[in-house]
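Q: Please see the structure below; I have some questions.
Since every read-out is calculated from the coordinates, none of them should be taken as a lab result. Note that the coordinates shown come from a computational prediction; the quantities given were computed from them, not determined experimentally. Methodologically, a virtual Cβ is constructed for each residue, glycine included, from the backbone with ideal geometry; neighbour enumeration extends over all protein chains shown.
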Amino acid sequence: MAETRHTKVLIIGSGPAGYTAAVYAARAMVQPILVQGLQPGGQLTITTEVENWPGEKHIQGPDLMVNMQAHAEAMGAEVISDYITSLDLKARPFVAKADSGTTYTADAVILATGAQAKWLGLPSEEKFKGFGVSACATCDGFFYRGKEIAVIGGGNTAVEEALFLTNFASKVTLIHRRDTLRAEKIMQERLFKHPKIEMLWNSEVIEVLGDEAPLGVTGVKTRNVETGEETIVPCQGFFVAIGHAPASELVKDQLPLHSGGYVQVEAGSTRTAIPGVFAAGDLTDHIYRQAVTSAGMGCMAALDAERWLAEQE
């Protein structure tokens, strides 16, 4: 029989924002329940070296998330491996239904669902997903030992993925539609110095090429955005690293969004347009998008929720 559970604070999502919110909410003795979602630990579970987390010169992304979960649980938060399929914010208590069949009712909700990888939207990309096309170098790079790889993108994600993939590949071609990268300068320096990496500037991917039996990528067809000239880049792996889209599907018709789907919060707080509903991390942040800023917002959300609950009582 489906179970219904009530909590003062329901936290949806388990990246740095969600786990930090759980630590602070648990310390405030509101006995929060955190539902992890489809990707427990969020984007950091597909990141290798994290070198910008204060207090850690370098730590593996998955290890950092394991530590954060353990901290939240040690403080008294209940962490549940499940994901929320629907959320009703029309009336309090708010009602969330989970994939397992459990229904959660909550006096306050903290949204920390993060963001997900964007894709190019090509039919050929869809066809070869999992058969040479990936958006996660740390998940799939191992499969391309000694092979040629192409990466598309121009920000930190693309440069990180390209550098990481040199651990396996014989050659990495980074394709970017402009003639300069958006990534941090220190990362660009590493990229340009690397003997295995070649740049293809002012280019976009128009088709993923491959074999039918067995299904697999053999290359990508690119087009120069200035001259229109088409080129084939041979590769056995193609990694898409063009950014992320906020995971706001649960609330897209219930809360105001901005900048392509990010949940809008009041300036200087995590309060959304609905009293008792708070949002933190990459779900709201289209500017900084760092683990440490997400964690900071998770702290803010828990404190905002605690104060709001106290006002209601």
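Q: What is the distance, in nm, between label points placed 7 Å from the Cα along the Cα-to-Cβ direction at Thr103 and at Phe142?
A: 4.2
Q: Right, next: Tabulate in residue order the Karplus-calculated ³J(HN,Hα) for the range 113-128, using 6.51 cos²θ - 1.76 cosθ + 1.60 with θ = phi - 60°, rounded to whole Hz; enter x for Gly and Pro.
A: With coefficients 6.51, -1.76 and 1.60, one gets 7, x, 9, 10, 4, 8, 10, 6, x, 8, x, 5, 5, 4, 4, 9 Hz.
Q: Given H placed on each backbone N at 1.01 Å, which residues far from Val220 in sequence or on other chains put an amide H within less than 5 Å of it?
A: Leu209, Val233, Cys235
Q: Sticking with this structure for a sec: Which links in Lys118/Lys196; Lys171/Lys193; Lys193/Lys221; Lys97/Lys252 stretch past 22 Å when you go from one Cα to the other?
A: Lys118/Lys196; Lys193/Lys221
Q: Using the Karplus curve 6.51 cos²θ - 1.76 cosθ + 1.60 with θ = phi - 60°, work out ³J(HN,Hα) for each residue of the range 62-72 in order, rounded to whole Hz, and write x for Gly and Pro.
A: Result, ordered by residue: x, 5, 4, 6, 4, 4, 5, 4, 4, 5, 4 Hz.
Q: Scanning the chain for chymotrypsin sites (Phe, Trp or Tyr not before Pro) in DSSP loops with at most 15 other Cβ atoms within 10 Å, what's the longest stretch left with none? Working shown, then result.
A: On the way: sites that count: Trp119, Phe131, Tyr288.
Longest stretch, sites excluded: 132-287.
Q: Also: Can you give me the long-range amide H partners of Ala169? Hydrogens built in the peptide plane at 1.01 Å from N, cutoff under 5 Å, separation of 5 or more residues or another chain.
A: Amide H to amide H, under 5 Å and 5 or more residues apart or across chains, Ala169 pairs with Gly146.
Q: If you don't mind, another one. Can you compute the charge dipole magnitude of the chain about its Cα centre, using +1 on each Lys and Arg Cβ and -1 on each Asp and Glu Cβ, nothing else charged? Give it in debye, rounded to the nearest 20.
A: Once rounded to the nearest 20, the dipole reads 240 debye.
Q: Moving on. Rounded to the nearest 5, what % of DSSP beta bridges with both residues in the range 119-240 are antiparallel?
A: Working: 13 of 29 bridges.
Of the beta bridges lying entirely in the range 119-240, close to 45 percent run antiparallel.
Q: While we're looking at this one, here's another question. By how many nm would the segment from Met199 to Lys129 lengthen if fully extended, with 0.36 nm per residue of separation less the alpha-carbon distance?
A: Going from the current span to full extension adds 22.9 nm.
Q: Decide, for the range 142-211, between rounded, prolate and oblate: order the square roots of the alpha carbon gyration tensor eigenvalues as a ≥ b ≥ c, take rounded if a/c falls under 1.5, and otherwise choose prolate if a/b is larger than b/c, else oblate.
A: On the way: a/c = 2.05, a/b = 1.15, b/c = 1.78.
Judged from the Cα gyration tensor, the range 142-211 comes out oblate (a/c at least 1.5, b/c at or above a/b).
Q: Which of rounded, prolate or oblate describes the range 119-240 when judged by the alpha-carbon gyration tensor and an a/c cut-off of 1.5?
A: Since a/c reaches 1.5 but b/c is at least a/b, the shape of the range 119-240 is classed as oblate.
Q: As a test, work out the antiparallel percent of DSSP beta bridges whose residues both lie in the chain, rounded to the nearest 5.
A: 50
Q: Estimate the FRET efficiency between Gln60 and Glu229 by the formula 1/(1 + (r/R0)^6), using the beta-carbon distance for r and 45 Å for R0, to the nearest 0.05.
A: Working: r = 41 Å, r/R0 = 0.92.
Rounded to the nearest 0.05, the efficiency is 0.65.
Q: Rounded to the nearest 20 debye, what is the charge dipole size of the range 119-240 about its Cα centre when +1 sits on each Lys and Arg Cβ and -1 on each Asp and Glu Cβ?
A: Its charge dipole is roughly 360 debye.
Q: With angles folded into 0 to 90 degrees, how steeply does helix 16-27 sit against the dominant principal axis of the chain? Use alpha carbons for both and round to 10.
A: It works out to around 20 degrees.
Q: Something else about it: Glu212 label point, 7 Å along Cα→Cβ, cut-off 20 Å on backbone N: hits in the range 115-139?
A: Answer for this model: 123-133.
Q: Let me ask something else about it. For Asp88 and His71 in the same chain, what is the full-extension length gain: residue separation times 0.36 nm, less their Cα-Cα distance, in nm?
A: Stretched out fully, the Asp88 to His71 stretch lengthens by 3.2 nm.
Q: Classify the chain as rounded, prolate or oblate from the Cα gyration tensor: take a ≥ b ≥ c as the square roots of its eigenvalues, call it rounded if a/c is under 1.5, otherwise prolate when a/b beats b/c and oblate if not.
A: Cα axes put the chain in the prolate bin.
Q: In the range 22-65, what GluC sites (Glu not before Pro) fall in a loop by DSSP, with at most 10 other Cβ atoms inside 10 Å?
A: Sparse-neighbourhood loop GluC sites (Glu not before Pro): Glu51.
Q: Find me the longest stretch of the chain that has none of the exposed trypsin sites (Lys or Arg not before Pro), where exposed means in a DSSP loop (not H, G, I, E or B) with at most 10 other Cβ atoms within 10 Å.
A: Counting only loop sites that pass the neighbour cut-off, the longest clear stretch is 146-313.
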